[in-house]
Amino acid sequence: MTTLIKPELSKKNPYWIDKHRYYELKHFCLQYKFWRDAYMSIDGRVGYVPGWVPISRTNNIQDPTADAIAAKMYYRDLIIMVEKTAKETDPDLADYIFQSVTKGLSYEQINAKNRIPCSRDTFYDRYRKFFWLLNKKRK
């Protein structure tokens, strides 16, 4: 279930990034399903007992609703970053690139289910461009 692409490109390639940075970004994108599930599971409701105030030794007032909102915004930002980068890479191939980077599918696996309207070389060129753009956003 891995994308069969060389992690190391020639430094002359316009979309060159370091091999280890590529792997870091690839594994970042493979977390997309977890982010989506976490985002959907956060509903902001907290069990509340009126009149009960927990004792705090640090005098920090906790706000579980604000914590839930912050977590939801965090996951939303990650989700949007990956989706938007795929669309910026190539609007026509965005769905195919998105499937490849978030599910680890290769060109052949995606092409078997959905006919990709480009050659393998073109697809992987856009695939590399995706990680190059994401690298710029994740600095």
Quantify how much of the Cα-Cα distance distribution of region 86-139 extends past 13 Å, in percent.
-> 54 percent
Rank these residues by their accessible area, most exposed first, probe 1.4 Å: Ile69, Ile42.
-> Ile69, Ile42
For region 79-114 the trypsin sites (Lys or Arg not before Pro) that pass both the DSSP coil test and the at-most-16 other-Cβ-within-10 Å test are none
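The values are calculated or read from the model by the stated rules, or taken from the named source; none is laboratory data. Keep in mind the model is a prediction, meaning the values are calculated, not measured. All Cβ positions, even for glycine, are placed from backbone atoms using ideal geometry, and neighbour counts span all protein chains on display. Accessible surface is based on the protein model in full, side chains and every heavy atom, while ligands, DNA and RNA are left aside. Shrake-Rupley method; radii C 1.70, N 1.55, O 1.52, S 1.80 Å.
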